[in-house]
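K.L.:
To start, I am sharing the structure in question, which I have written as structure tokens.
None of the figures in this text is laboratory data; all of them are computed from the coordinates on show. The model shown is predicted, which means the values in this text are computed figures rather than measured ones. For neighbour counting, all protein chains shown are included, and Cβ atoms are generated from backbone atoms with ideal geometry for every residue, glycine included.
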Amino acid sequence: MELIKNEKIESNKHELQFKIDHDSFEAACSRAYNREKGKLNVPGFRRGKAPRAIIEKMYGKGFFYEDALNELIPENYEAAVKEAGIDIVGQPEFDVVSIEDDGVVIKAVTFVVPEVKIEGYRGIEATKTTYTVTDEEVDHEIEHVREHNAREIDVTDRPAEMGDVANIDYEGFCDGAAFDGGKDEGHDLKLGSGSFIPGFEEQVAGHSVGEEFDVTVTFPEEYHAKELAGKEAVFKCKLNAIKHDELPELDDEFAKDVSDFDTFAEYREDMKRKIGERKEKAADAEVEEQLIDYLVKHLEADVPAPMYDAEAENIVRDYDMRLRSQGLDLSTYMKYTGQTLDTLREQVRPQAERQVKTRLALAEIAKLEGIEITDEAIEAEYARMAEAYEVELDRVKAAIAKEDVAADLRLKAAIDLIKAAAVITEKAPEEKPAEDEGASETDTPAE
């Protein structure tokens, strides 16, 4: 490969011209001939036996050129890019400039990573929320653990109470006629959960196992099934079983069961510490978002669209991988949400643009600050990833190039530098308004 031309034609576009020597081109044409000759019918010759010259006379001298160039261009283009020292973005546009006796000249027009300017990244002003951990928050977290470790018992010696799980059969009637979605058998209903129409659960409470009874409710005016909105309905119910969660005592035995601590006091103190760490991490993330907001706003760069397109594709691909880890896939998700790949790409486009601009800004800052990553740091990052993903170290190294690991570590070092140089003002958290605790409505008329 001979690099003939290396020229910037626009702010983020580059033109390369490179020559593939005659011998390499001729050898590729011969390989194309050997691959294709068995597929061609040439009068007077058995299939696959016609000489190359006869085929080229019949179909044209350049019959094998396209296959030969498709084989040669990728490798030679990569070599030209490396020699030119440019950082390409997206797929190039190729044109054949000439095919002569001394070789083939190819023109490639490609987008490149843009020139970037970023200033004022030292001393960015940001605010950090100073969270405290209240006893109520600790109690709330422990209560979640307590509920998770509750023992479900059958209740036979009393009527159902709010807080119980009632297993019921029901069928709903409106104006004396049954309606779609208003019937179920063996349904477990947590009384007090607010998952059914307002007033339904309260009327189940007070009944005993085996009882059959009516529940009369009125559908809300804004109910999603318009034919039922605002109407009175009667549900004929049967109570099959009552279950109740028996919560464990909050004592040392509980602490031993759910943690590595011997006493409840130690467990509670550790819970408080973990909540504090979680809040501190959230506060740091808020600060980082403010710093990134500044970088994105003050970045000066003519970013080519293919960079955004590629990042949007990466986000969609990552989303598909997350769905697959949950037993779904992207096509199923789009089927049920009514989305298409195009609408999904459009939806993630702002996120893609933000991530591209952030990386460009951080890469420029790392360059300005002379940030270098040692081999030891790269090895440590490989080891961290292997442990995090629970795979062999060699597999991680085979999957992720050393240069990519180094590039990511440079970006992390750049954001750490910005954080260290930021002017951070602490503030108390803002009080959130109380949320309405109205009953939720799901997709079926009864629920």
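K.L.:
Using the crude model of +1 on Lys and Arg Cβ and -1 on Asp and Glu Cβ, and no other charge, please compute the dipole size for the chain relative to its Cα centre, in debye to 20.
P.N.:
In debye, rounded to 20, the chain gives about 3380.
K.L.:
Given H placed on each backbone N at 1.01 Å, which residues far from Y223 in sequence or on other chains put an amide H within less than 5 Å of it?
P.N.:
G230
K.L.:
Who wins for biggest fluctuation among K82, K231, K117 in a Gaussian network model of the chain, springs between alpha carbons below 10 Å?
P.N.:
Its mean-square fluctuation being the largest, the pick is K231.
K.L.:
Pull out a ≥ b ≥ c, the square roots of the eigenvalues of the alpha-carbon gyration tensor of the range 98-181, then state rounded if a/c is under 1.5, prolate if not and a/b is larger than b/c, and oblate in the remaining case.
P.N.:
oblate
K.L.:
Using a Förster distance of 25 angstrom, determine the FRET efficiency expected from the C-beta separation of D262 and E390, and round it to 0.05.
P.N.:
0.25
K.L.:
Can you give the extra length, in nm with one decimal, that the chain gains between E161 and D302 once fully stretched, where that is 0.36 nm per residue apart less the Cα-Cα distance?
P.N.:
44.2 nm
K.L.:
Indicate the helices, whole DSSP H runs only, in the chain that combine a mean Kyte-Doolittle hydropathy of -1.0 or more with a Cα extent along their long axis of 15 angstrom or more.
P.N.:
The answer, listed by residue number, is 65-84, 305-325, 341-368, 375-389, 402-421.
K.L.:
Does the range 171-328 come out rounded, prolate or oblate, given a ≥ b ≥ c as the square roots of the eigenvalues of its C-alpha gyration tensor, rounded meaning a/c under 1.5 and, failing that, prolate meaning a/b above b/c?
P.N.:
Taking the square roots of the gyration eigenvalues as a ≥ b ≥ c, the range 171-328 is oblate.
K.L.:
Applying the Karplus parametrisation 6.51 cos²θ - 1.76 cosθ + 1.60 with θ = phi - 60° to the phi angles of the range 154-159, what ³J(HN,Hα) value in whole Hz is obtained for each residue in order, glycine and proline being reported as x?
P.N.:
So the J values, rounded to whole Hz, are 7, 10, 10, 9, 7, x.
K.L.:
With runs of 4+ DSSP H residues as the only contributors, calculate the mean residue ellipticity of the chain at 222 nm using -39,500 (n - 2.57) per run, divided by the residue total and rounded to the nearest 500.
P.N.:
-15000 deg cm²/dmol
K.L.:
Hey, another quick one. Specify which labelled value, from (i) 24, 57, 19, 1; (ii) 15, 32, 29, 19, 5; (iii) 23, 52, 25, 1, agrees with P(r) over Cα pairs in 20 Å bins from 0, in percent derived from the coordinates of the model shown.
P.N.:
(ii)
K.L.:
Work out how much length E75 to L328 would gain on full extension: take 0.36 nm times their residue separation and subtract the Cα-Cα distance, in nm to one decimal.
P.N.:
Stretched out fully, the E75 to L328 stretch lengthens by 87.3 nm.
K.L.:
Pop the C-beta distance of S11 and N149 into the FRET formula with R0 = 60 Å and round what comes out to the nearest 0.05.
P.N.:
That gives a FRET efficiency of 0.45.
K.L.:
I would also like to ask the following. Mind listing the long-range amide H neighbours of G103? Cut-off is under 5 Å, sequence gap 5 or more, other chains count too, H placed in the peptide plane at 1.01 Å from N.
P.N.:
H22
K.L.:
Which order do the peptides 382-394, 10-22, 242-254 come out in when sorted by mean C-beta neighbours inside 10 angstrom, highest first?
P.N.:
Result, highest mean Cβ count within 10 Å first: 10-22, 242-254, 382-394.
K.L.:
Assuming R0 = 51 Å, can you tell me the calculated FRET efficiency for the pair D67 and A420, based on Cβ-Cβ distance, to the nearest 0.05?
P.N.:
0.35
K.L.:
Run through the DSSP bridge list for the chain and note the antiparallel percent, rounded to the nearest 5.
P.N.:
90
K.L.:
Using alpha carbon coordinates only, what is the Rg to Rh ratio of the range 297-433, with Rh defined as the Kirkwood radius?
P.N.:
Here Rg/Rh amounts to 1.04.
K.L.:
Structure shown: which of K231/K335; K82/K107; K13/K117; K281/K412; K19/K402; K128/K279 lie over 22 Å apart, alpha-carbon to alpha-carbon?
P.N.:
Going by Cα-Cα distance, K231/K335; K19/K402 fall outside the 22 Å limit.
K.L.:
Quick check on the range 37-181: take the gyration tensor over C-alpha atoms, sort the square-rooted eigenvalues as a ≥ b ≥ c, and tell me if it's rounded (a/c under 1.5), prolate or oblate.
P.N.:
oblate
K.L.:
Sticking with this one: In debye, nearest 20, what is the charge dipole magnitude of the range 151-246 about its Cα centre with +1 on Lys and Arg Cβ and -1 on Asp and Glu Cβ, if you could check?
P.N.:
60
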